[in-house]
1. Taking 19 Å as the cut-off for C-alpha to C-alpha distance, list the pairs among Lys251/Lys314; Lys326/Lys437; Lys13/Lys232 that go past it.
2. Lysines within cross-link reach of Lys100: Cα-Cα under 28 Å, excluding same-chain residues under 8 positions apart?
3. GluC sites (Glu not before Pro), restricted to the stretch 306-350: which are DSSP loop and have at most 10 other Cβ atoms within 10 Å?
4. Please report, in debye to the nearest 20, how large the charge dipole of the stretch 493-567 is about its Cα centre when each Lys and Arg carries +1 at its beta carbon and each Asp and Glu carries -1 there.
5. If I take the Cα coordinates of the stretch 1-64 and project them onto the principal axes, what are the three extents in Å, biggest first?
6. What net charge do the residues around Tyr245 carry, taking every other residue with its C-beta under 10 Å from that of Tyr245, with Lys and Arg at +1 and Asp and Glu at -1?
7. Return the lysines within reach of Lys3: Cα separation strictly under 17 angstrom, same-chain partners fewer than 8 residues apart disregarded; answer none if there are no such residues.
8. Arrange the peptides 26-32, 534-540, 227-233, 41-47 so that the one whose residues have, on average, the most other Cβ atoms within 10 Å appears first.
Amino acid sequence: MKKFNLENINATKYLFFTGKGGVGKTSIACSVAVGLADQGKKVLLISTDPASNLQDVFGRELSGKGVSIPEVKGLVVANLDPEEAAKEYKESVIAPYRGKLPEKTLANMEEQLSGSCTVEIAAFDQFSKFITDEKTSSEYDHIIFDTAPTGHTIRMLQLPSAWSNFISESTNGASCLGQLSGLKSKKEIYKNAVLNLSDANKTTLMLVARPEKTSFLEIKRTSEELSKLDIKNQMLIINGVLENYGDSLSKKIYEDQQQSIEEIPSELKSIKSYLSPLKDYNLVGIEAIRNFFTDKQMITEKDDSEVSKYNTIKDLIEDVYGSKKKIIFTMGKGGVGKTSTAVEIANGLANKGLKVLLTTTDPANHLIYENEISNNIEVTGIDEKKELEKYKEEVLSKAKETMSEEDVAYIEEDLSSPCTQEIAVFRAFAEIVDKSKEEVVVIDTAPTGHTLLLLDSTLSYHKEVQRTKGEIPESVQQLLPRLRDFNQTEVVIVTLPEATPVFEAERLKKDLERAEIQNKWWIINKSLTSSNTTDNFLKKLAGNEKKWIQKVSEISGDIAIVPMSKK
């Protein structure tokens, strides 16, 4: 497999970099942008990532309108803020109904417009202007996007029902109703944006992944989802590949990466793929970005600060055991290690003689790959597909009673959203939490604060207009009060000592606070700082971690650091 560099790719007009948080999308997008500009091209680099660190990379304040970078002739960088755009968009949708609809109805609408789908729509709204505006197109040779729209967002924008009036008024149970209301005037712009995305002569989707099994599985789903929409001009970049090793830990990392690359899903093998080596320095500053495609070493500042004052996961387990809490969540973005953390906490509590139930609400169900779960722990999972089908059937049967075929088509699309998937497993999840009356329940992945608030407001509204069939189970009614009770519930946020995972974990904490759910413990996973590595390359990486460990310590005083394992 060749190394990723500008000579190996045919750069199209539009380049979209997509992948989960922390895989290195921003670093690669910036390096490509600077590299093309250094070749004499006029380049516009745009970030639509809420956790964007473009300002740090280029060392200056950026705006949504674009800022020229003096050190790189021909490069303009724009840092769009989709979360701010989502706030403005939400208010534009709700404002016409203030004073006309009951407060509880407005609260329900507001929460429906507070999720990730709305942020995605707002982001799409912003960058659609850049890929459909003829003046912008003629001004630049290449327009590069750090973070691409998901297939779900694009599908929603293609549906005819997205433009009907019922969206802003309907409350049929689907989770993302309302996101598209008010966008009718922009239908043509979005149509052209989607056409440009699917034009292989104009656009390339750059799929960025880490050399890890879970990262490949996630990017496989993204690739398949976009291919179904005829967005097939894709390229895979495997980022962060360790090229050498000097001790037992670095050897283990190297061998694990090589095995993951060897066993890459067959669906990805047909895509042009490139390797990008792991760097031992932070990709911040023009010099570092220019060095991305070279083997030149960077001189980095030595950080001798200590991190030994922080706790271990054993300290966390002792604290949870002493608190007598019965519901423990591990929350975090994909790839941070929340499943292995849940297993370790469950094992620790079981070893203290507690009766423990370990479960997951993650559709990927990574528990099946864990082989170190204690025999005296009950392990379960939620069959998401079964729960989702049950929920879909319930919602669609009601929709078909009053709606046209086109409107029902929109409802069906809405039901494939990430938010709906969380809601679909809600009752099964509530039943599992209800078991905490008898035993300790450790849950890998839980509903987000947005989902809980959405369910809270929806349940209230259901009661008000009597839209539900039968009674709401007591386990569902009691779930939110239980999760809000700090004496019953412990939420453990898991992150990595890197920029994007830390920023995403910080947003997760704020999301939980909106739902009035408290968080005490944070785990910084896969840390080289506390691994005692003797490999010079890894030691440099360890020095880069300390900034992010300090950042987490400013957010939470209760931190456990888990070293990178040799297992």
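The values are calculated or read from the model by the stated rules, or taken from the named source; none is laboratory data. Since we're looking at a predicted model, the values are computed, not measured. With ideal geometry, Cβ positions are generated from the backbone for all residues, glycine too; neighbour counts draw on all protein chains shown. Accessible surface is based on the protein model in full, side chains and every heavy atom, while ligands, DNA and RNA are left aside. Shrake-Rupley method; radii C 1.70, N 1.55, O 1.52, S 1.80 Å.
1. Over 19 Å Cα-Cα: Lys251/Lys314.
2. Partners found: Lys87, Lys90, Lys184, Lys186, Lys187, Lys398, Lys400, Lys463, Lys469.
3. Loop-located and lightly packed - Glu306.
4. For this selection, approximately 280 debye.
5. So the extents along the principal axes, rounded to whole Å, are 32, 28, 19.
6. -2
7. List returned: Lys25, Lys269, Lys272, Lys279, Lys296.
8. Result, highest mean Cβ count within 10 Å first: 26-32, 41-47, 534-540, 227-233.
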